[in-house]
Amino acid sequence: MSTTSTNLPSAGPVTASRSFVSRLREGDEIARLLTFLCAASVVLITVLLVFELWRQSALPRHKFGFSFFLTRVWDPIAEQFGALPFIYGTLVTAAVALLLAVPLGIGAAIFLAELAPLRLSDPLQFLIDLLAAVPSVIYGFLGFFIVVPLMREWIEPALKKSLGFLPLFQGPAYGIGFLTAGIVLAIMVIPYIISVSREVLLSVPRDQREAALALGSTRWESTWKVVVPFARTGIMGSIFLALARALGETMAVTMVIGNTPTISASLFSSGYSIAAVIANEFTEATGDLYLQSLIELGLVLFLLTFILNGLARLMMLLTTRRGTGMGNA
Amino acid sequence: MKRLAGMVLLVLAFGGMLLAEKAIPLTGAGATFPYPIYSKWFDEFHKKNGNVEVNYQSLGSGAGIRQVTEGTVDFGASDGPMNDDQLKAYQAKHGFPILHFPTVLGADVPTYNIPGVSAELNFTPDALAGIFLGHISKWNDPAIANVNKGVNLPANDIVVVHRSDGSGTTYIWTDYLSKVSSDWKDKVGKGTSVNWPVGLGGKGNENVAGLIKQTPNSIGYVELIYAIQTKMPYGKVKNAAGDFIKADLASVSAAAAGAIKTMPDDFRVSITNAPGKTVYPISSFTWLLVPSKFSDAGKRDALKTFIQWMLADGQNYAESLAYAKLPQEVIAKEVKALSKIQ
Amino acid sequence: MTSRLRWRKLISGFMLTMTGVCALVAVSVLFLILGYLVYNGGTSINWAFFTKLPAPVGETGGGMANAILGSAKLLLLATLIGVPIGFFGGVYLAEFSSTQVAFAVRYAADLLNGAPSIVIGIFAFAVAVHPFGHFSTLAGSFALGLMMIPITLRNTEEFLRAVPRALREGSMALGAGKWTTIVRVVIPAAYRGILTAILLALARVAGETAPLLFTALGNRYWSPGWNQPTASLPVMIYTYALSPYEDWHRQAWAAGLVLLGLILMVNIVARVILSRGIAVPRS
């Protein structure tokens, strides 16, 4: 829209090509330059960020190479650093979070988009957006004092009794561990799933619903079998967005995950995540290899979230393009 | 509304600048082990010398060593003395050595939270090693029960709590365990950050104490004052002479007594598992890590004044917080060593 | 009605009720959080909290005055760093740029936005702490400012784009230059949205803890000027929450309530401003 610059002469004679100086005097060129510098600095900063992460993780990359991602051992004394426990913990907690947040989130989004009248839906969405504004440290705080005792006294023993035959629910119930971290993360990412899914669902054209209803489906059937699949890509996008958020969460996780680099099949076990270990050990990493191993972990996390965010945007783009198209892609 | 916002912003900006008085701000970071006494000291010292503000951040001994080596803080603090490699690294980076100054004596105590048990438990070295190695997993295990006859220990799983950050408290604990258990020495070893076989990780003495307080059936190691301040029971440990000793001023001082004669000039010494009937075996000095050269004379003098005060008046605050005073001989030696700071 | 139809209708009613339950659960979490904070924090907020400095470890009676001022300073400087870059960058994207440049800038902004806050902390440490040799308010503000840039940029661009062409063309037809048009016509037309964007960016970084852990560090005293480590509300909450002292827990609740209260207020104000203005697309 703004690619053609319309430089209308203010008072003087119309010249075919206005000289740089006169445009400068006009202030437009300065403005253009200034704003360009600001925009360019954004690119510069981002490039610098990736560059620094890459440069400052050179030592472990050369020393460990690819085995960095496959080693379980994290031993600062022996200078053996392996990323596996942290990658495991990050993925497990994110998986638990999504398993809980996705059904709840999509369900709530369906309610807000399909059932609730706009008078109710908008204020509710507003409240849910506020939930997204709560800082991570407060979630961690509440998680530590409310969720952890709840898990330890009620939920984990109950799970153990009923589903204890699964290796997922074995072992001592600390209250702190993968499961609790996953639950806290789930609460944190639900608002993202709800708000994006709701918008996507709202943008599904009316005739889809009406066609389904006209063919005799129930309200639920039209929603679940027609509307939601139509919005499928956008909803997937919201899930990727939520996943990216869950992977990068630091404070809430470190306060309830137990901070031990453990790989265990049990969800009750304490563990570690990439973000949590960086937060805990960065200021005390004695020795360059140690520090740079932490930075390499940061690079890994950054790449993961970058890929997921990219996929999410792609999905949303596909949805909006499809918005008025027909059928399934 | 805009004007109001602008005015608020201006006021805040000025406020920030106004606070740039002629104060000498010193930043230190490190051990959580002596944090209660340090924060008391810096507060009292500030009351006497209003222009010196010592901002001490208890990030853990590992962070103390790292940050003082990086030069991002003016001094560090650690209960695990810097090893030779770390000293060399400091010298290589800065061109001058770093000095250790002992400040107080403290103790690592095994503190626990067992529902229904408020008694002081006895722990043998083997029991402690076994618990922290994960070999002993229940509270009513014979290794614990046999020395605690009369206490009704439940058959619950032990939840081990240790440090997740680089810790001098860990160094003291693992130093002790390495001396009393060859199993521990082989499998884990000693250091500020070890590969723990079992347990939950807490950040700092504070978080370990907090975790133990919140988690039933847990046991962990904290500096004595943390157990006292949080009113948690802590156990007696069997010392090298075979007696079960509780950590207190007398038993900790006794541990240091033997080391006075052999105190090296750089003050780095380990007093865990010291011989003697009344000795508490998991005692330790804790040190300030002070660069031997300061480019800022104001900071240097402020820190030197602080250390002099700490060695004299400051020692009087130690006992009320359950830290033992430094032996007189050590103090005298330190006063002499102050001249090394230039 | 066949039994099959009755069954389908039953399912329908049931499932739709379940979605209502989901929504209820989601919303009630918010109220639970607020309620808990108000209950625990409300009782701990007192005059000392706002005016006193932290007391020595284990002693009661301290406050968080330095953390409150510290957070205010951090946010002020972060805004001064992040908003101009984001705002003018957004102006460039909306008014001047070509599509290729716009794509690159938007992509970079998305990358920056999606970076986990701990990674921003690492970057800020490498750029603003390590070269200078000490922790500082400036470094903390740098980290927070970085996080404000993408939000401000994207939102500024969107709201500027949403201003109708007619306004621009009208202004130009009257003889105004491009920049004059932007400053006098377009921006004022979009100011609500832009203000909202700034407020939302502010609310977002106000609660950030991780990037401050190794940039601003912490301080038990007032932090003079901009070059010293400083206390901040989120970091104090983190430290105090994990400690074993009851008094510190109570102070952490109070801090949590104050922090969350301020963030929610800013969010509400921002959305009210937005809803009162021109109907512009939400980002």
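The numbers here are math on the coordinates, done by the rules we state, and not lab data. Treat the numbers as computed from the prediction; the structure is a model and nothing was measured. When we count neighbours, we look across all protein chains shown, and the Cβ atoms used for this are built from the backbone with ideal geometry, even at glycine.
So the values come out like this:
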{"item": "Chain C, relative contact order in percent, only Cα pairs under 8 angstrom and at least six apart counted", "result": "26"}
{"item": "Whole-percent pair-distance distribution, where bins are 20 Å wide, for the alpha carbons of the protein assembly as shown", "result": "13, 43, 31, 11, 2, 0"}
{"item": "Mean Cα-pair separation over length for chain B, i.e. relative contact order, pairs under 8 Å, 6 or more apart, %", "result": "23"}
{"item": "For the protein assembly as shown, size of Cβ-based charge dipole, Lys and Arg +1, Asp and Glu -1, in debye", "result": "2480"}
{"item": "Mean-position separation - Cα centroids, region A:60-90 and region B:237-263, in angstrom", "result": "40"}
{"item": "Length-normalised contact order of region C:2-145 in % [C-alpha pairs under 8 Å, at least 6 apart]", "result": "22"}
{"item": "Three principal axis lengths of region C:101-217 [C-alpha, angstrom, descending]", "result": "55, 25, 22"}
{"item": "Cα centre as origin, Lys/Arg/Asp/Glu Cβ charges: chain C dipole, Debye", "result": "1140"}
{"item": "Region A:166-315, dipole about Cα centre (Lys/Arg Cβ +1, Asp/Glu Cβ -1), debye to the nearest 20", "result": "720"}
{"item": "Cβ-based charge dipole, the protein assembly as shown, positive-most Cα from B:Pro102, A:Leu98, A:Ile146", "result": "A:Leu98"}
{"item": "Averaged over B:80-92, number of beta-carbon atoms from partner chains that fall within 10 Å", "result": "1"}
{"item": "Most fluctuating residue given options C:Phe87, C:Phe159, C:Phe14, as computed from a GNM of chain C linking Cα atoms under 10 Å", "result": "C:Phe14"}
{"item": "Shape box of region A:47-123 [Cα atoms, principal axes, largest first, Å]", "result": "61, 30, 19"}
{"item": "Computed over region B:207-342, the ratio Rg/Rh where both radii use C-alpha atoms and Rh is Kirkwood", "result": "1.03"}
{"item": "GNM result for chain C, Cα springs below 10 Å: residue of C:Trp47, C:Trp226, C:Trp253 fluctuating most strongly", "result": "C:Trp47"}
{"item": "With at most 16 neighbouring Cβ atoms within 10 Å, loop trypsin sites (Lys or Arg not before Pro) (DSSP) excluded, longest segment of chain B", "result": "B:23-148"}
{"item": "Calculated [θ] (222 nm, deg cm²/dmol) that DSSP helices of n ≥ 4 give over chain B, each run adding -39,500 (n - 2.57)", "result": "-12000 deg cm²/dmol"}
{"item": "Distance from region B:294-342 to region B:39-90 (C-alpha centre basis), Å", "result": "13"}
{"item": "D (Stokes-Einstein, µm²/s), Kirkwood Cα radius, region B:75-162, 0.890 mPa s at 25 °C", "result": "150"}
{"item": "Rg to Rh, two decimals, where region B:203-285 supplies the alpha carbon set and Rh follows Kirkwood", "result": "1.03"}
{"item": "Dimensionless Rg ratio for chain A, taking C-alpha atoms and the 2.2 N^0.38 Å reference", "result": "1.28"}
{"item": "P(r), alpha carbons of region C:47-115 - 10 Å bins starting at zero, rounded %", "result": "18, 28, 19, 16, 14, 6, 0"}
{"item": "³J(HN,Hα) computed for each position of region A:41-52 - Karplus, 6.51 cos²θ - 1.76 cosθ + 1.60, integer Hz, glycine/proline x", "result": "5, 5, 4, 4, 4, 5, 4, 4, 4, 5, 4, 4"}
{"item": "Mean shadow area of region A:92-180 over all directions, Cα convex hull, nm²", "result": "7.1"}
{"item": "Residue of A:Thr233, A:Thr180, A:Thr35 that the Gaussian network model of chain A assigns the largest fluctuation, springs spanning Cα pairs under 10 Å", "result": "A:Thr35"}
{"item": "Cα pair distances exceeding 18 angstrom across region B:122-238, given as percent", "result": "49"}
{"item": "Principal axis box of region C:90-150, alpha-carbon based, largest edge first, Å", "result": "41, 20, 16"}
{"item": "Two-decimal Rg to Rh for chain B - Kirkwood Rh, Cα set", "result": "1.03"}
{"item": "Pairwise centroid distance, computed over Cα atoms, of region B:100-152 with region A:104-164, Å", "result": "40"}
{"item": "Directionally averaged projected area (convex hull, Cα atoms, chain C), nm²", "result": "22.7"}
{"item": "Translational D in µm²/s for region A:223-277 (Stokes-Einstein at 10 °C, 1.306 mPa s, Kirkwood Rh from C-alpha pairs)", "result": "118"}
{"item": "For region B:268-315, convex hull of alpha carbons as volume per residue, Å³", "result": "89"}
{"item": "Proximal lysines to C:Lys52, defined as alpha-carbon separation beneath 27 angstrom and excluding residues fewer than eight positions away on the same chain", "result": "B:Lys22, B:Lys40, B:Lys47, B:Lys48, B:Lys203, B:Lys231, B:Lys299, C:Lys73"}
{"item": "Mean Cβ neighbour count within 10 Å, used as a protection proxy, ranking C:106-114, A:154-162 highest first", "result": "C:106-114, A:154-162"}
{"item": "Descending semi-axes in Å of region A:126-244, equivalent ellipsoid built from Cα gyration tensor", "result": "36, 20, 11"}
{"item": "Rh (Kirkwood; distinct C-alpha pairs) - region A:218-329, Å", "result": "16.8"}
{"item": "Within 10 Å of each Cβ in A:210-219, the average number of Cβ atoms from other chains", "result": "2"}
{"item": "DSSP H segments from chain B that extend 27 Å or more along their own axis, Cα-based, with Kyte-Doolittle mean of 0.0 or above", "result": "none"}
{"item": "Share of alpha-carbon pairs per 5 Å distance bin for region B:35-184, given as whole %", "result": "2, 8, 13, 16, 14, 13, 11, 9, 7, 5, 2, 0"}
